[in-house]
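Structure, as structure tokens:
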Amino acid sequence: MSSKEGSGGFRKRKHDNFPHNQRREGKDVNSSSPVMLAFKSFQQELDARHDKYERLVKLSRDITVESKRTIFLLHRITSAPYMEEILTEAEIKLDGVRQKILQVAQELSGEDMHQFHRAITTGLQEYVEAVSFQHFIKTRSLISMDEINKQLIFSTEDNGKENKTPSSDARDKQCGTWRLKITPVDYLLGVADLTGELMRMCINSVGNGDIDTPFEVSQFLRQVYDGFSFIGNTGPYEVSKKLYTLKQSLAKVENACYALKVRGSEIPKHMLADVFSVKTEMIDQEEGIS
């Protein structure tokens, strides 16, 4: 055994030959040095940014939940006798969602929105889906991105004292308004999700014996699908990924309309939903085989 190796067969490290009290110890770091002061400011800036990101994630979660509740409420229109009451209640819920979006606009005051976009994109997509669903029920048309953004401009009177922050006071003095713009990607993804809700609306309408709504939904979905087809693979990855789901919803609605057109006169209204369900299961099985 070499003399450089210990009794355990391991080679001693070079500094182990020195007594412990003679080892070189690091000097105390001067906390008042310019380098340390700079890193402390970096730490404070990063902590503030992380805290803001977490607050935006929580707000986005609240926006998502309330928007989903609005969508569930709007689905009751096909079976409820009082359509206007449900639309009024849905508008109240959407006003509550917009108050949450106002808080998001306050948090993003003076910030680059794209740095925090990932934290709020899920909530914004769900809000677009809820607003566009309500607009379709009222007008049988698609709401534009500009119309959505116009609803997200808040004056100082809309900004309650409980929502104000020190930065919001300075913002109010400068321009007097708060605004948050929906990005084109959020708008497209929200509209793509809308097609699934319209397919469910078609199912509920058929079950209630409504023959007109499925054909209106089918025509609208065809126009939306044609619009997404122009984007194709040139758009963002998330948009092209949802194009397949949109095509599935369109196929189910078109097959329901086909069944209604060909066999609608010979099938009792209370059995139309069963025929539609069979058609949907056949489509799903064929897609699974392929």
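The values are calculated or read from the model by the stated rules, or taken from the named source; none is laboratory data. Quick caveat, the model's predicted, so the values are computed rather than measured. With ideal geometry, Cβ positions are generated from the backbone for all residues, glycine too; neighbour counts draw on all protein chains shown. For the accessible areas, the whole protein counts, side chains as well, though only heavy atoms, and no ligand, DNA or RNA atoms are used. Shrake-Rupley method; radii C 1.70, N 1.55, O 1.52, S 1.80 Å.
Yes or no, residue by residue, for (1) open to solvent by less than 10 Å² (accessible area, probe 1.4 Å); (2) touching a helix residue (DSSP H, G or I) at 6+ places or on another chain (Cβ under 8 Å); (3) not in a loop (DSSP other than H, G, I, E, B):
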{"position": "G96", "(1), (2), (3)": "no, yes, yes"}
{"position": "I101", "(1), (2), (3)": "yes, yes, yes"}
{"position": "F136", "(1), (2), (3)": "yes, yes, yes"}
{"position": "L142", "(1), (2), (3)": "no, yes, no"}
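Go through the stretch 224-264 and report how many residues are over 22 Å from the mean Cα position of the chain (by Cα), more than 23 Å from S141 (Cβ to Cβ) and either open to solvent by less than 40 Å² (accessible area, probe 1.4 Å) or of a type in the set (D, E) (or both).
2
In the stretch 226-251, which residues are of a type in the set (S, T, Y) and touching a Ser or Thr at 6+ places or on another chain (Cβ under 6 Å)?
If we filter the stretch 226-251 for residues that are of a type in the set (S, T, Y), which is where we start, we get 229, 234, 237, 240, 244-245, 249.
Of everything in the stretch 226-251, just one residue is of a type in the set (S, T, Y) and touching a Ser or Thr at 6+ places or on another chain (Cβ under 6 Å), namely S249.
Hey, does the stretch 197-204 have a residue that's at pLDDT below 90, over 16 Å from S132 (Cα atoms) and in contact with a His (Cβ under 8 Å, 6 or more places away or on another chain)?
yes
Can you tell me how many residues within the stretch 104-134 are assigned to a loop (DSSP other than H, G, I, E, B) and either more than 24 Å from Y53 (Cβ to Cβ) or within 16 Å of the chain's Cα centre (by Cα) (or both)? Please lay out each step first, then the result.
Looking only at the stretch 104-134, we keep the residues that are assigned to a loop (DSSP other than H, G, I, E, B), and these are 108-112, 116.
Now restrict to residues that are either more than 24 Å from Y53 (Cβ to Cβ) or within 16 Å of the chain's Cα centre (by Cα) (or both): 116.
Summing the residues that are assigned to a loop (DSSP other than H, G, I, E, B) and either more than 24 Å from Y53 (Cβ to Cβ) or within 16 Å of the chain's Cα centre (by Cα) (or both) in the stretch 104-134 gives 1.
Determine the pairs where a residue that is over 13 Å from E254 (Cβ atoms), located within the stretch 216-234, has a partner that is of a type in the set (S, T, Y) and in a helix (DSSP H, G or I) with Cβ atoms under 6 Å apart, the partner being 6 or more residues away or on another chain.
Pairs that qualify, where the first residue is over 13 Å from E254 (Cβ atoms) and the partner is of a type in the set (S, T, Y) and in a helix (DSSP H, G or I), are N233/S240.
Mind telling me which of the residues T165, T156 ends up being farther than 24 Å from L73 by Cα, modelled with pLDDT under 95 and in contact with a Gly (Cβ under 7 Å, 6 or more places away or on another chain)?
On the way: T165 fails: in contact with a Gly (Cβ under 7 Å, 6 or more places away or on another chain).
One residue alone meets the criteria, T156.
Please determine whether any residue of the stretch 223-234 is in contact with a Phe, Trp or Tyr (Cβ under 9 Å, 6 or more places away or on another chain), on the phi < 0 side of the Ramachandran plot and not assigned by the TED database to the domain that holds V131.
Applying the first criterion (in contact with a Phe, Trp or Tyr (Cβ under 9 Å, 6 or more places away or on another chain)) to the stretch 223-234 yields none.
For the stretch 223-234, residues in contact with a Phe, Trp or Tyr (Cβ under 9 Å, 6 or more places away or on another chain), on the phi < 0 side of the Ramachandran plot and not assigned by the TED database to the domain that holds V131: absent.
For the list (1) open to solvent by 10 Å² or more (accessible area, probe 1.4 Å); (2) more than 18 Å from the chain's Cα centre (by Cα); (3) under 25 Å from N149 (Cα atoms), I need the number of the one condition that L221 fails.
Result: L221 passes all but (1).
Restrict the check to the stretch 75-92 and report whether at least one residue is under 18 Å from the mean Cα position of the chain (by Cα) and in a helix (DSSP H, G or I).
At the first step, the residues of the stretch 75-92 found to be under 18 Å from the mean Cα position of the chain (by Cα) are none.
There is no residue in the stretch 75-92 that is under 18 Å from the mean Cα position of the chain (by Cα) and in a helix (DSSP H, G or I).
For the stretch 168-187, enumerate the residues that are at pLDDT 55 or above and part of a loop (DSSP other than H, G, I, E, B). Reasoning before the result, please.
Of the residues in the stretch 168-187, the ones at pLDDT 55 or above are 176-187.
Listed by number, the residues that qualify are G176, L180, K181, I182, T183.
Can you report the number of residues in the stretch 42-82 which are touching a residue at least 12 places away in the same chain (Cβ under 8 Å), open to solvent by 70 Å² or more (accessible area, probe 1.4 Å) and under 30 Å from D210 (Cα atoms)?
3
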